[in-house]
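A.B. asks: Structure incoming, see below.
The values are calculated or read from the model by the stated rules, or taken from the named source; none is laboratory data. Please read these numbers as outputs of a predicted model, since none were measured by experiment. Neighbour counts run over all protein chains shown; Cβ positions are idealised from the backbone, glycine included. We work out accessible area using only protein heavy atoms, side chains counted, and drop any ligands, DNA or RNA first. Shrake-Rupley method; radii C 1.70, N 1.55, O 1.52, S 1.80 Å.
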Amino acid sequence: MARILIVEDDDAVRHFTARALMHDGHTVSTAEDGDLGLELVEEEEGRFDLILSDIRMPAMDGIAMALAIAERFPHLPILLMTGYAEQREQASDVRNVIIDVLPKPFELADLRSFVGQALAERKAA
């Protein structure tokens, strides 16, 4: 299966998402904010199949992190998530570096669908 990094500052969302994706057979790493997420991507030299990140986080937000990752690892697919409409609009400014935005709150089926599509797009590229 895939190697996925989840970057999310909300403990409950991060743990739920990680457990769900591990249950589906994926290898999952987590980070609590964009700074730590970017650091982990750099340490691993971009060896992830997907980055799944919240947009609104302390320190570096998901959009800034996505831009930084895309600059160094343009092949790395990034899927953002947010519960705020204005942040979905902000994410449209970076459509060239992200795959999509998963709206929060989401159900397990939504998570699986968005992650499945993102991974399928990566394989097709």
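A.B. asks: For the condition under 19 Å from GLU121 (Cβ atoms) and surrounded by 14 or more Cβ atoms within 10 Å (Cβ to Cβ), what is the one hit in LEU36, LEU52, LEU40?
C.D. replies: The match here is LEU52.
A.B. asks: Kindly evaluate ALA12 against the criterion of being without any contact (Cβ under 8 Å) to a residue 12 or more places away in the chain, of a type in the set (Gly, Ala, Ser) and open to solvent by 50 Å² or more (accessible area, probe 1.4 Å).
C.D. replies: Yes: the conditions hold for ALA12.
A.B. asks: With the checklist (1) of a type outside the set (Asp, Glu); (2) at pLDDT 95 or above; (3) more than 18 Å from VAL115 (Cα to Cα); (4) open to solvent by less than 70 Å² (accessible area, probe 1.4 Å) in hand, flag the one item ARG72 doesn't pass.
C.D. replies: (4)
A.B. asks: List every residue pair whose Cβ atoms sit under 7 Å apart, with the two residues 6 or more apart in sequence or on different chains, where the first one lies in the range 34-58 and is farther than 14 Å from ALA68 by Cα and the second, anywhere, is in a loop (DSSP other than H, G, I, E, B) and hydrophobic (A, V, I, L, M, F, W, C).
C.D. replies: PHE48/LEU76; ASP49/ALA2; LEU50/ALA2
A.B. asks: Taking into account only those residues within the range 108-125 that are charged (D, E, K, R) and closer than 22 Å to ALA12 by Cβ, which is most open to solvent (accessible area, probe 1.4 Å)?
C.D. replies: Within the range 108-125, the subset charged (D, E, K, R) is 110, 112, 121-123.
Next, from what is left, pick out any that are closer than 22 Å to ALA12 by Cβ: 110, 112.
Details: ASP110: 67, ARG112: 95 Å².
The residue in question is ARG112.
A.B. asks: Hey, does the range 2-21 have a residue that's assigned to a helix (DSSP H, G or I), touching a helix residue (DSSP H, G or I) at 6+ places or on another chain (Cβ under 6 Å), more than 18 Å from ILE98 (Cβ to Cβ) and small (Gly, Ala, Ser)? Reasoning before the result, please.
C.D. replies: Initially, the range 2-21 is screened for residues assigned to a helix (DSSP H, G or I), giving 11-21.
Then drop every residue that is not touching a helix residue (DSSP H, G or I) at 6+ places or on another chain (Cβ under 6 Å), which leaves 20.
After this cut, where a residue has to be more than 18 Å from ILE98 (Cβ to Cβ) as well, the list is 20.
Now drop any that are not small (Gly, Ala, Ser), which leaves 20.
There is at least one residue in the range 2-21 that is assigned to a helix (DSSP H, G or I), touching a helix residue (DSSP H, G or I) at 6+ places or on another chain (Cβ under 6 Å), more than 18 Å from ILE98 (Cβ to Cβ) and small (Gly, Ala, Ser).
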